[in-house]
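Contents: one structure, followed by commentary.
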């Protein structure tokens, strides 16, 4: 009985993700035949990646899907904000409090509320 391969999905939204995830030795280890890989490319402003991308990742275990970026609904925006605030570092705190663009700065109370609310959530281990 042939064992079915497990599928791993990679969502690619920026070129830097290609460099960090797909062009390293660990990704090549996944291609040893045990996994099927689906690359989901979210189309932001480019119609289609350059041809070299398809040539580089042309493999029988890789499937490339291009999807159109949709605008987020209210619930998705809320979940996106929630997920973004689960990573709190010193630099993130400084960015939120002292952003160069004044309209992006959090006011005093919102800043401290977000730190008090999200910091314990970052310590939960699953």
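The values are calculated or read from the model by the stated rules, or taken from the named source; none is laboratory data. For clarity, every value in this text was computed on a predicted model and none was experimentally measured. Note that we place each Cβ from the backbone using ideal geometry, even for glycine, and neighbour counts take in every protein chain shown.
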Query raised in the report: Is it the case that some residue within the stretch 106-117 is exposed (fewer than 13 other Cβ atoms within 10 Å of the Cβ), assigned to a loop (DSSP other than H, G, I, E, B) and at pLDDT 75 or above?
Result: no
Query raised in the report: In this structure, does residue 31 turn out to be more than 20 Å from the chain's Cα centre (by Cα), under 19 Å from residue 10 (Cα atoms) and modelled with pLDDT of 75 or more?
Result: yes
Report summary line: Exactly one of 39, 21 is under 28 Å from residue 3 (Cα atoms), in contact with a strand residue (DSSP E or B) (Cβ under 7 Å, 6 or more places away or on another chain) and outside any strand (DSSP E or B), and that residue is 21
Query raised in the report: Among the candidates 76, 103, which residue alone is loosely packed, with under 12 Cβ neighbours inside 10 Å and either at pLDDT below 75 or part of a loop (DSSP other than H, G, I, E, B) (or both)?
Result: 103
